[in-house]
Amino acid sequence: MRIPCPHCGERDYSEFRYGSDATKPRPPHGTGDLKSWHDYYFLFDNPKGPHTEYWQHVLGCRRWFKLTRNTATNEIGEVS
Amino acid sequence: MSNRYSAFAVARHALQPDLPWPRAWKSPEPKKSYDAVIIGGGGHGLATAYYLAKNHGLTNVAVLERSWIGSGNVGRNTTIIRSNYQIDGNTQFFEHSLKLWEGLSHDLNFNCMVSHRGQIVLAVNPVQLDTLARKGNIMRLNGIDAELLDRGQVMKLLPYLDYSKDARWQIYGALMQPRAGTARHDAVAWGYARAADRLGVDIIENCEVTGFAMDNGKAAGVETSRGKINAGKVAIAVAGHTSHVAAMAGLRLPVESHVLQAFVTEPIKPMVDHVVSWGAELFYLSQSDKGGLVFGGHIDGFNTYTQRGQFHKLQSIMECAVSLMPFVSRLRLVRHWGGIMDMTPDGSPFICKTPVQNLYLNGGWCYQGFKAAPASGWTFAHTIVNDDEHELNRCFALDRFEKGGEMDEYGLGNWTYKQ
């Protein structure tokens, strides 16, 4: 798989680190609502299809970015 | 004629070549209604059906498989069986599984080719050896066989590893579980399917579940590609696609799907007599009966449903193999493939009830699905029949993260993709 880093351009996926689902809203700190923290931390939609996720270019510019990828085909869409 | 397999049956069929062997299972049309429907005809689903019939007398059961029996992860793993775990819950559960493996071929009347060749986990530094000693002590306190080996003993058992002073990772010793080993994965699927069928279970292939039939918020059956099937109880055993199927019932799970690759070299003469795991990186190998060296390692590291792996992981696994056994560089790799794993935030599975009444979940198997299949089916059948967890699977509940009951065997933290 080739991943287009917004800073460095297209590189092999082995230069990157996956950082999980980027669509889950993090609850505000200090809310004390354990249920929403549990859901944020432990639950995944895990769709078979388009998935927006974090990646970090660890062996390059080290930038974090969001990527939309189809988990059924690994086809890469939008990068931001 | 009896359908029982035996030496006499082989002789009888040899003398009467025109007489075909009976089908191993019937593959009937689905009935309108069952007491229990199991979604997924893999190792776990078939084992569950078998133990529902055998242990609990529940035979009005159907196993629904969207493809053919043996097409999923039960035929894609590296066939290793072992019970060298160290946290309570895992230790007892996997030992129960290994005990079921020990009698499985006789129990199923099907040769599962269970081979107790022993598993040797290598330590590449003194601290690792201390950790293995601790694990071995925990195992022995639970009545499980474990032997700590020093470097000299490892050299005798595994003379083909790199012990030179130039070796990148020196071997300090190992922990051996003599009863661990391998089993023929396809035979396990076929054996459970045939044994369940003989007890009256319907094994239905090419039947994909497309939705759940609900009645007042309770599961009451499934919609399938072959019509609606009513069921008193519905059980999910589709690891790899657990999120996908559970979402049809409105459940959101602590599961992410990842691809795990396995590799086979060209066949060579018998050399690797054990299952060998390495301490420097997650890497393990055994030798198949056909002679190929079978390698396994980590997941690729990002979620995907594609049953094919990335080249980078192939490269790193081969680096492990060559570092441990330099001669491997002269072998050709003939096949590699991927299986989709349910990865959970603590690396442990679910065998449990769900928030939906009459709907039960078996999944989240991470790396350990194959060896667990017998105990998984055994305990899942108990949970389905009694609507309650058995002592052996009580720790594998779906709400354990809410209650602080993580089963974090490797202490890696709450990342599915790092387990």
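Computed from the coordinates by the stated procedures, all read-outs in this text should not be read as laboratory data. All figures in this text were calculated on a predicted structure; none of them were measured in a lab. Cβ sites come from the backbone with ideal geometry, for glycine too, and all protein chains shown count toward neighbours.
Apply the Karplus parameterisation 6.51 cos²θ - 1.76 cosθ + 1.60, with θ equal to phi minus 60°, to every residue of the stretch B:191-203 and state each ³J(HN,Hα) to the nearest whole Hz, in sequence, with x for glycine and proline.
In residue order, the calculated couplings are x, 5, 4, 5, 5, 5, 4, 5, 8, x, 6, 8, 9 Hz.
Given a cut-off of 27 Å, name the pairs among B:Lys313/B:Lys371; A:Lys66/B:Lys418; B:Lys135/B:Lys290; A:Lys66/B:Lys353 whose C-alpha atoms lie farther apart than that in the structure shown.
Working: B:Lys313/B:Lys371 23 Å; A:Lys66/B:Lys418 19 Å; B:Lys135/B:Lys290 33 Å; A:Lys66/B:Lys353 36 Å.
In this structure, B:Lys135/B:Lys290; A:Lys66/B:Lys353 lie more than 27 Å apart at Cα.
Test of understanding: extend the Cα→C-beta vector of B:His244 to 7 Å, then name every residue of the stretch B:205-231 with backbone N under 15 Å from that spot.
Residues passing the 15 Å test: B:206-211, B:225.
Pull up all non-local amide H partners of B:Val114: gap of 5 or more, or a different chain, and H-to-H distance under 5 Å with H placed in the peptide plane.
Counting only residues 5 or more places away or on other chains, the set is B:Arg184.
For the protein assembly as shown, build the charge dipole from Cβ charges (+1 Lys, Arg; -1 Asp, Glu) around the Cα centre, then report which of A:His7, B:Val61, B:Ala189 sits farthest towards its positive end.
Going by the Cα projections, it comes out as B:Ala189.
Give, as a single signed number, the net charge of other residues whose beta carbon lies under 15 Å from the beta carbon of B:Arg4, with Lys and Arg counted +1 and Asp and Glu -1.
Working: positive: B:Arg12, B:Arg23, B:Arg194, B:Arg198; negative: B:Asp107, B:Asp197.
Taking every other residue near B:Arg4 into account, the sum is +2.
Going by a 4.7 Å Cβ-Cβ cut-off, which cysteines of the protein assembly as shown have no partner at all?
Those would be A:Cys61, B:Cys112, B:Cys207, B:Cys320, B:Cys352, B:Cys366, B:Cys395, since no other cysteine Cβ in the protein assembly as shown comes under 4.7 Å of theirs.
Tell me, what HN-Hα J-couplings in whole Hz come from the Karplus equation 6.51 cos²θ - 1.76 cosθ + 1.60 at θ = phi - 60° for each residue of the stretch B:349-356, using x for Gly and Pro?
Once rounded to whole Hz, the list reads x, 10, 9, 6, 6, 10, x, 8.
Percent of alpha carbon pairs in the stretch B:179-276 separated by more than 24 Å?
Numbers: 2263 of 4753 pairs.
The share of Cα pairs beyond 24 Å in the stretch B:179-276 comes to 48 percent.
Suppose R0 equals 41 Å. What FRET efficiency, 1/(1 + (r/R0)^6) with r the Cβ-Cβ distance, do B:Tyr160 and B:Ala14 give to the nearest 0.05?
Details: r = 40 Å, r/R0 = 0.97.
Once the sixth-power term is evaluated, E becomes 0.55.
7 Å from Cα along Cα→Cβ at both B:Leu412 and B:Gln153: what's the point-to-point distance in nm?
2.8
Can you give the FRET efficiency for B:Lys32 and B:Trp68, using 1/(1 + (r/R0)^6), R0 = 25 Å, r = Cβ-Cβ distance, to the nearest 0.05?
Numbers: r = 24 Å, r/R0 = 0.94.
Given R0 = 25 Å and the Cβ-Cβ separation, E is 0.60.
What is the distance, in nm, between label points placed 7 Å from the Cα along the Cα-to-Cβ direction at A:Glu75 and at B:Glu281?
3.2
Counting only residues 5 or more places away or on other chains, whose amide H sits under 5 Å from the amide H of A:His51 once H atoms are built in the peptide plane?
For A:His51, the qualifying residues are A:Arg69, A:Asn70, A:Thr71.
Considering the convex hull of the alpha carbon atoms of the stretch B:1-144, report its projected area averaged over all viewing directions, in nm², one decimal. Intermediate values should be presented prior to the final figure.
On the way: hull surface 50.8 nm².
Quarter of the Cα hull surface area: 12.7 nm².
Please order B:Thr131, B:Thr182, A:Thr73 by the number of other Cβ within 10 Å, starting at the fewest. Provide the component values of the computation, followed by the final result.
Details: B:Thr131 16, B:Thr182 25, A:Thr73 12.
Least crowded to most crowded, the residues run A:Thr73, B:Thr131, B:Thr182.
For chain B, what's the radius of gyration and Dmax over Cα atoms, in angstrom?
Rg then Dmax for chain B, in Å: 21.6, 69.
Counting only residues 5 or more places away or on other chains, whose amide H sits under 5 Å from the amide H of A:Ser20 once H atoms are built in the peptide plane?
A:Tyr54
Rounded to the nearest angstrom and ordered from largest down, what semi-axes does the equivalent ellipsoid of the protein assembly as shown get from its C-alpha gyration tensor (root of 5λ)?
Details: eigenvalues 234, 204, 99 Å².
Output for the protein assembly as shown: semi-axes of 34, 32, 22 Å.
Sort all Cα-Cα distances of the stretch A:17-80 into consecutive 5 angstrom bins from zero, then give the percent of pairs in each bin up to the one containing the longest distance.
Answer for the stretch A:17-80: a P(r) of 4, 16, 22, 19, 17, 13, 6, 2 percent.
On the principal axes of its Cα set, how long, how wide and how thick is the stretch B:141-232? Give whole Å, largest value first.
67, 32, 30
Looking at the protein assembly as shown only, what percent of DSSP beta bridges run antiparallel? Nearest 5 please.
Details: 65 of 84 bridges.
Of all bridge pairs located within the protein assembly as shown, approximately 75 percent are antiparallel.
What is the fewest-to-most order of B:Ile87, B:Ile120 by other Cβ atoms lying within 10 Å of their Cβ? Please report the intermediate quantities before stating the final value.
Details: B:Ile87 15, B:Ile120 24.
Ranked by crowding around the Cβ, least crowded first: B:Ile87, B:Ile120.
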